[in-house]
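Q: Next up is a structure, given as structure tokens.
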Amino acid sequence: MPYRNGQFFERPRQRMVATQLKPRGINDPRVLEAMASVPRHLFVDPPLVSRAYQDSALPIGEGQTISQPYMVARMTQLLELKGHEKVLEIGTGCGYQTAVLSRLCRRVYSIERIQSLHEKARRNLRQARHANVMLKCGDGLLGWPEYAPFDAILVTAGGFASDCWMEQLNVGGYLVMPEGQGSVHRLVRRKKRADGGFDEEYFEACTFVPLLQGVNHH
Ligand code: SAH
């Protein structure tokens, strides 16, 4: 299928960067470069391919969504990745955010609680040729102790932070997540301090699918 080829959709992708990201304050050149190169159309289901670069979230099955391009870029930019980091992602979904992170750090460890989405992400990431990614089907609220500590943690489902995450974060590292009850969230960034505490900053309101406990074997 021709649209499966990465060289297609080059123009919609450049347009997405120019109209949805730059005017809204995405200015980290590495983040812009990653957003301009990851083939987002390879991460959505075939009937939605023509909408892959539009300014919105899209369904990916099991009631979940691939986040709006701006939100992916915004959260990634808040992590301030330089390239050497080990990053933990909670909520792999279709693997798109994982792919963006993988271009900006040393290795991404990503956890998804729904089995079928975990498998879909594995297929998508293989097709887009992302090698520095480790995926696991499990409950992200537990973190991934075998590979801790992480230099940064990104949560892509909305709710409240698990204590495990701050424990598994290196001093000086950032945790970014949509925090709040129900479907009303606000982006928060916490930086772990050497004394065990953290500094926090709040950013814009947003809406994410909920952070849920346990594994779903669908
Ligand atoms: N970053 C994803 C966004 C997916 S939506 C993308 O680019 O497609 C958020 C995902 O978080 C959903 O797939 C949901 O199943 C998952 N999720 C929710 N709670 C979770 C938990 N406790 N552990 C792991 N994944 C979780």
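Q: It is to be established whether one or more residues within segment 80-90 are assigned to a helix (DSSP H, G or I) and buried (at least 23 other Cβ atoms within 10 Å of the Cβ).
A: The answer is no; no qualifying residue exists.
Q: Which one is least open to solvent (accessible area, probe 1.4 Å) among residues in segment 121-140 that are more than 8 Å from the ligand (Cβ to nearest atom) and out of contact with any helix residue (DSSP H, G or I) (no Cβ under 9 Å at 6 or more places or on another chain)?
A: Arg122
Q: Please work out which one of (1) among the basic types (Lys, Arg); (2) open to solvent by less than 10 Å² (accessible area, probe 1.4 Å); (3) away from the ligand (no atom under 16 Å from the Cβ) is the condition Arg40 fails and give its number.
A: (3)
Q: Could you say which residue among Arg30, Arg13 is over 30 Å from Gly172 (Cβ atoms) and not in a strand (DSSP E or B)?
A: Arg13
Q: Any chance you could count how many residues in segment 162-214 are within 24 Å of Leu117 (Cβ to Cβ), open to solvent by 50 Å² or more (accessible area, probe 1.4 Å) and over 19 Å from the mean Cα position of the chain (by Cα)?
A: Total meeting the criteria: 2.
Q: If I go through segment 83-95 residue by residue, how many of them are on the phi > 0 side of the Ramachandran plot, more than 6 Å from the ligand (Cβ to nearest atom) and under 10 Å from the mean Cα position of the chain (by Cα)?
A: Final tally of qualifying residues: 1.
Q: Could you check how many residues of segment 141-153 are buried (at least 22 other Cβ atoms within 10 Å of the Cβ) and within 25 Å of Gly182 (Cβ to Cβ)?
A: Within segment 141-153, residues that are buried (at least 22 other Cβ atoms within 10 Å of the Cβ) and within 25 Å of Gly182 (Cβ to Cβ) number 2.
Q: Go through Thr156, Thr98 for me and flag whichever is surrounded by 16 or more Cβ atoms within 10 Å (Cβ to Cβ), in contact (Cβ under 8 Å) with a residue 60 or more places away in the chain, within 14 Å of the ligand (Cβ to nearest atom) and under 29 Å from Val49 (Cα atoms).
A: Thr156
Q: Suppose the filter is more than 14 Å from the ligand (Cβ to nearest atom), assigned to a loop (DSSP other than H, G, I, E, B), surrounded by fewer than 22 Cβ atoms within 10 Å (Cβ to Cβ) and among the polar types (S, T, N, Q); does Gln77 pass it?
A: no
Q: Let me ask you something else. Given the criterion among the aliphatic types (A, V, I, L, M), open to solvent by less than 10 Å² (accessible area, probe 1.4 Å) and more than 27 Å from Trp144 (Cα to Cα), identify the matching residue among Ala52, Ala34.
A: Selected residue: Ala52, the only one of Ala52, Ala34 that is among the aliphatic types (A, V, I, L, M), open to solvent by less than 10 Å² (accessible area, probe 1.4 Å) and more than 27 Å from Trp144 (Cα to Cα).
Q: While we're here: Which of the residues that make up segment 55-74 are touching a strand residue (DSSP E or B) at 6+ places or on another chain (Cβ under 6 Å) and crowded, with 21+ Cβ neighbours inside 10 Å?
A: Ile60, Ile66
The values are calculated or read from the model by the stated rules, or taken from the named source; none is laboratory data. Please read these numbers as outputs of a predicted model, since none were measured by experiment. Every residue, glycine among them, receives a Cβ derived from its backbone with ideal geometry; neighbour counts consider all protein chains shown. Only protein heavy atoms, including side chains, enter the accessible area calculation; ligands, DNA and RNA are left aside. Shrake-Rupley method; radii C 1.70, N 1.55, O 1.52, S 1.80 Å.
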